[in-house]
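K.L.:
Next up is a structure, given as structure tokens.
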Amino acid sequence: MAAVRMALNQIHSTPTRSGKLLLETAQAIRNRQTIKVLSGDDLPAQGMGEGLDQLLDLAGWAPFHRACDSSHRSPDDSSSSGAIEPWRFHVLDAANCRTLRQRIPLEQAGKIPNMLAAADALILATWLPNPNSQPDLPAECLFEPSMANMEHIAAASAAIQNLLLAATAHGIRTYWSSGGVLRSAQVFELLGIPTEQILLGAVFFFPTDTGEADVVSSKLRASRSDASGWSRRINLG
Ligand SMILES: Cc1cc2nc3c(=O)[nH]c(=O)nc-3n(C[C@H](O)[C@H](O)[C@H](O)COP(=O)(O)O)c2cc1C
């Protein structure tokens, strides 16, 4: 961390074009944090307009190693348009978040309705598993544990992280959730998400102006290690 701080100080003192870019990138990465906004009442729906399209465009610059299987690119799949990326983003604006709040099964919903009452947008980010090649895959397996599937998940995760960083740079509060009730077959059907897709993240965008709503941050953030805790230098000399 000290090395990063030193580098950032140097960048401050020499504001070259690449230094400014590095500083802004570092700021977006470090400023990204989980923030949940929970409201009992619907907050006014604020349109994100074209801003949301720009963020989605930036998410799409994530690396991906393989095209998704052709079964995910069929003309019958309205969420696909033939795209080869191994992820799909299903996007609800604030008004649709409020409507979804009224329609999800409340008994399994936990705090999701309170977040739908507050969100400016919800992006349900799925990844696209290859069809199983093993007929005897155990029923509890969500997908075949193959190298290709691992790479699809990694690529979709990179797209989500791009989205989070781009949103952070725009001053939007974000929360990457596993999804809870939003993973259910009932919600997938309601939103027209094909059951062949697997939810990787329910990404909430929250406003900063939240009135009486509760604002909650994450538990693990403060327990982060220094890079020396999870990296090692290899010297073969
Ligand atoms: C794949 C994934 C799933 C997550 N699911 C949840 C979740 O279901 N509930 C939750 O409270 N936080 C969830 N989080 C957020 C993490 O708890 C959070 O990122 C972590 O505590 C670090 O905090 P930070 O994001 O503020 O740095 C998830 C994060 C990731 C990457």
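All of the numbers you see were taken from the coordinates with simple rules; none came from a lab. Note that the structure is a prediction, hence the values are computed from the model and not measured. Cβ: placed from backbone, ideal geometry, glycine included. Neighbour counts: every protein chain shown.
K.L.:
Check Leu200: other-chain or 5+ apart residues with amide H under 5 Å from its amide H, H built from backbone geometry?
P.N.:
Ala125, Thr126, Trp127
K.L.:
Sort 104-113, 137-146, 28-37, 89-98 by the packing proxy (mean of other Cβ within 10 Å over each peptide's residues), most packed first.
P.N.:
Numbers: 104-113: 14.5, 137-146: 10.2, 28-37: 16.2, 89-98: 18.1.
Descending packing order for the listed peptides: 89-98, 28-37, 104-113, 137-146.
K.L.:
Using a cut-off of 13 Å between beta-carbons, work out the net charge of the residues near Ala125 (Lys and Arg +1, Asp and Glu -1, Ala125 not included). Walk me through the intermediate numbers first.
P.N.:
Numbers: positive: Arg88, Arg183; negative: Glu85.
Surrounding charge for Ala125 is +1.
K.L.:
Viscosity 0.890 mPa s, temperature 25 °C: what is the translational diffusion coefficient of the range 70-172 from Stokes-Einstein with a Kirkwood Rh over Cα pairs, rounded to a whole number of µm²/s?
P.N.:
Details: Rh = 16.1 Å.
Roughly 152 µm²/s, to the nearest whole number.
K.L.:
Which value, in debye to the nearest 20, describes the size of the charge dipole of the chain about its Cα centre when Lys and Arg Cβ atoms bear +1, Asp and Glu Cβ atoms bear -1, and nothing else is charged? Present the calculation step by step, with values, prior to reporting the outcome.
P.N.:
Working: 20 positive and 23 negative charges, 247 e Å.
That gives a dipole near 1180 debye.
K.L.:
Obtain the nm distance between the two label points defined at Arg233 and Ala185 by a simple spin-label model: each point lies 7 Å from its Cα along the Cα-to-C-beta direction.
P.N.:
That separation, rounded to one decimal, is 5.5 nm.
K.L.:
Could I ask something else about it? Which of the aspartates and glutamates could a cross-linker span from Lys36 if the Cα-Cα distance has to be under 18 Å and same-chain partners fewer than 8 positions apart are dropped?
P.N.:
Straight-line reach from Lys36, under 18 Å: Asp93, Asp120, Asp209, Glu212, Asp214.
K.L.:
Can you compute the FRET efficiency between Ala95 and Asp53 using 1/(1 + (r/R0)^6), with r the Cβ-Cβ distance and R0 = 22 Å? Round to the nearest 0.05. List each step's numbers first, then the result.
P.N.:
Values: r = 16 Å, r/R0 = 0.75.
Once the sixth-power term is evaluated, E becomes 0.85.
K.L.:
Give the Rg/Rh ratio for the range 34-219, taking Rg as the radius of gyration of the Cα atoms and Rh as the Kirkwood radius, to two decimals. Don't skip to the end; give the middle numbers.
P.N.:
Values: Rg = 16.6 Å, Rh = 17.1 Å.
A ratio of 0.97.
K.L.:
Show that you can apply the helix-only estimate: for the chain, add -39,500 (n - 2.57) for every DSSP H stretch of four or more residues, divide by all residues, and state [θ] at 222 nm to the nearest 500.
P.N.:
Values: 7 runs with 82 residues, N = 237.
The per-residue figure over the chain is -10500 deg cm²/dmol.
K.L.:
What is the local net charge at His65, summed over the other residues whose Cβ is closer than 14 Å to its Cβ (Lys, Arg +1; Asp, Glu -1)? Don't skip to the end; give the middle numbers.
P.N.:
Numbers: positive: Arg66; negative: Asp69, Glu85, Glu151.
Net charge in that neighbourhood comes out at -2.
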